[in-house]
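A.B. asks: This is the structure, below, for whatever I ask next.
The values are calculated or read from the model by the stated rules, or taken from the named source; none is laboratory data. Just so we're clear, the structure is a prediction, and the values are computed from it rather than from any experiment. Cβ placement follows ideal geometry from the backbone for every residue including glycine, while neighbour counts extend to all protein chains displayed. Surface areas here come from the heavy atoms of the whole protein model, side chains and all, with no ligands, DNA or RNA. Shrake-Rupley method; radii C 1.70, N 1.55, O 1.52, S 1.80 Å.
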Amino acid sequence: MFRGRVPAPSSYTPAPPTLPEPRPARAARPLPGVLGMRGAAIAWVTVMIVVPLAGIVLKAFSEGGAAFRDAIVAPEAWDAIRLTLLCATGISVINAVMGALIAWTLVRCQFPGKTFLNLLVDLPFAIPTVVTGLMIVILYGPNSALGAFAGAHGVKILFAKPGIVMALLFVTAPFVVRAVQPVLMELDPEVEQVAWTLGAGGWLTFRRVLLPTLFPAILTGSLLSFTRALGEFGAVILVAGNIPFRSQTAPVYVYGQIESDHPQAATAVSLLLLVISLGTTLFLARFQHQKEG
């Protein structure tokens, strides 16, 4: 057997390999064509949105702030604005209830004709608004059965507020439905079944379980309905006419002022409608941002 001294362990430790110093990160360069696309997008938005908005602001204040105020508070103009806001608010509330109900039916219920009903919901987006007004005139006109029946009971539909509300409800019907429907599709039905198992009734389940989840979507659809109703003209002009202090909405008033060669009054009311719509849109954007955050 070989006997010898075991060599003592060496105290030499090899130096770690020297790694190259990292290069400073360079700023990412935009992909080819991105700058041109961005410029084209900004130019398009400027030409199609910013410039017209600036033009109507300048025209509305072309005769000074006092003239703008007088055009807004004129009795005929103010009554038209008030009627528009009243009808837009009313149809928003109705759409919030009925839109949520229709969305629930389309998501949770199975019945013959469900696909057809789902297609009908989007139909108001495809039909010209003038055709909407014509349908209401034919259905509730004085020579129709429904119009004669309503008139016999003292209910006036055409050239009155009920006709305006019907026209606005038709053109804004899809907004709440399409806003609530995807939220319901992502909501697990077992959550509702657990609530029922624990003894919660239908109303309590809706108020405590469903409504907190559906409320953002309902509010979004309702505000979209509101802004859409503010500017509706085609359907309203047929069913409401242009009767001051009775059935004249703000868009119809603007049209009448243009026809009467009063552009400053028309632009003043138009600018007010734009401000209300813009404020509603900004509120909706901020609400959605807070919800996502």
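A.B. asks: Based on the Cα atoms of the chain, what semi-axes does the equivalent ellipsoid have, where each is the square root of 5 times one gyration tensor eigenvalue, given in whole Å with the largest first?
C.D. replies: The three semi-axes for the chain are 58, 34, 17 Å.
A.B. asks: Give me, ordered by chain and number, the residues 5 or more places off Gln248 or on other chains with an amide H under 5 Å from its own placed amide H.
C.D. replies: So Gln248 has HN proximity to Ile243.
A.B. asks: What Kirkwood Rh does the range 143-293 have if only Cα atoms enter the pairwise 1/r average? Answer in Å.
C.D. replies: Values: mean 1/r = 0.0537 Å⁻¹.
Every distinct Cα pair counted, the radius reaches 18.6 Å.
A.B. asks: Still on this structure: Given Leu120, Pro182, Gln264, which one lies farthest toward the positive end of the charge dipole of the chain, if we put +1 on the Cβ of every Lys and Arg and -1 on the Cβ of every Asp and Glu?
C.D. replies: Result: Pro182.
A.B. asks: Now for a separate question. Please report the orientation-averaged projected area of the range 29-103, defined via the convex hull of its C-alpha atoms, in nm².
C.D. replies: 9.9 nm²
A.B. asks: Another question about this same structure. Can you list the lysines whose alpha carbon is less than 26 Å from that of Lys156, not counting same-chain residues fewer than 8 positions off?
C.D. replies: none
A.B. asks: Mean residue ellipticity at 222 nm from the helices of the chain, using -39,500 (n - 2.57) per DSSP H segment of n ≥ 4 over the full residue count, to the nearest 500 deg cm²/dmol?
C.D. replies: -21500 deg cm²/dmol
A.B. asks: Roughly what percent of Cα-Cα pairs across the range 72-168 reach past 24 Å?
C.D. replies: Percent of Cα pairs beyond 24 Å in the range 72-168: 42.
A.B. asks: In addition: At 1.4 Å probe size, with no ligands or nucleic acids counted, give the accessible surface of Leu169 in Å², nearest ten.
C.D. replies: Its accessible surface works out to 40 Å², give or take rounding.
A.B. asks: While we're here: With a 1.4 Å probe and all protein chains in place, put Glu63, Glu186 in order of accessible area, largest first. Mind showing how you got there, number by number?
C.D. replies: Numbers: Glu63 130, Glu186 160 Å².
If we order Glu63, Glu186 from most to least accessible, we get Glu186, Glu63.
A.B. asks: In whole Hz, what ³J(HN,Hα) sequence does the range 103-113 give by Karplus (6.51, -1.76, 1.60; θ = phi - 60°), x for Gly and Pro?
C.D. replies: So the Karplus estimates, Gly and Pro as x, are 4, 4, 4, 6, 8, 9, 10, 10, 7, x, x Hz.
A.B. asks: Given R₀ = 25 Å, what would the calculated FRET efficiency be for Ala126 paired with Phe233, taking r from the Cβ atoms and rounding to 0.05? Could you put the intermediate results ahead of the total?
C.D. replies: Working: r = 18 Å, r/R0 = 0.72.
Efficiency, rounded to the nearest 0.05: 0.90.
A.B. asks: Additional query: Note the full-extension length gain between Phe116 and Phe206 as 0.36 nm times their separation in residues minus their Cα-Cα distance, in nm to one decimal.
C.D. replies: Details: separation 90, 0.36 × 90 = 32.40 nm, distance 2.69 nm.
So the extension gain works out to 29.7 nm.
A.B. asks: Let me ask something else about it. Using the charge dipole of the chain (Lys, Arg: +1 at Cβ; Asp, Glu: -1 at Cβ; taken about the Cα centre), state which of Pro142, Val239, Val194 has its Cα farthest towards the positive end.
C.D. replies: Val194
A.B. asks: Using each residue's phi in the range 218-232, evaluate 6.51 cos²θ - 1.76 cosθ + 1.60 at θ = phi - 60° and report the 3J(HN,Hα) Karplus result to the nearest Hz, with x for Gly and Pro.
C.D. replies: 5, 5, 4, x, 5, 5, 5, 5, 4, 5, 5, 6, 4, x, 5
A.B. asks: Let me ask another. Given +1 on the Cβ of Lys and Arg, -1 on the Cβ of Asp and Glu, and no further charges, what dipole in debye does the range 80-222 carry about its Cα centre, rounded to the nearest 20? Before the final figure, lay out each step's value.
C.D. replies: Values: 8 positive and 5 negative charges, 96 e Å.
Value, rounded to 20: 460 debye.
A.B. asks: Separate question: What's the magnitude of the charge dipole for the chain around its Cα centre, counting Lys and Arg as +1 and Asp and Glu as -1 at the beta-carbon? Answer in Debye, nearest 20.
C.D. replies: It works out to roughly 1200 debye.
A.B. asks: Can you give the Rg/Rh ratio of the range 115-156, where Rg is from the C-alpha atoms and Rh is the Kirkwood radius? Intermediate results must be reported in sequence, preceding the final value.
C.D. replies: Numbers: Rg = 13.6 Å, Rh = 11.8 Å.
My calculation puts Rg/Rh at 1.15.
A.B. asks: What is the sum of charges around Val209, taking Lys and Arg as +1, Asp and Glu as -1, for the other residues whose C-beta is under 15 Å from the C-beta of Val209?
C.D. replies: Details: positive: Arg108, Arg207, Arg208; negative: Glu186, Asp188, Glu190, Glu192.
Once positives and negatives cancel, what remains is -1.
A.B. asks: Arrange the residues Ile72, Ile243 by how much accessible surface each exposes, largest first, with a 1.4 angstrom probe.
C.D. replies: Ile243, Ile72
A.B. asks: Can you give me the Cα centroid spacing of the range 79-149 and the range 217-258 in angstrom?
C.D. replies: Taking the Cα centre of each part, the range 79-149 and the range 217-258 sit 15 Å apart.
A.B. asks: Report, to the nearest 10°, how far helix 51-60 tilts away from the longest principal axis of the Cα atoms in the chain, using its own Cα long axis and a range of 0 to 90°.
C.D. replies: 40 degrees
A.B. asks: Dipole of the range 185-293, Cα-centred, from +1 at each Lys and Arg C-beta and -1 at each Asp and Glu C-beta, to the nearest 20 debye?
C.D. replies: So the magnitude is around 300 debye.
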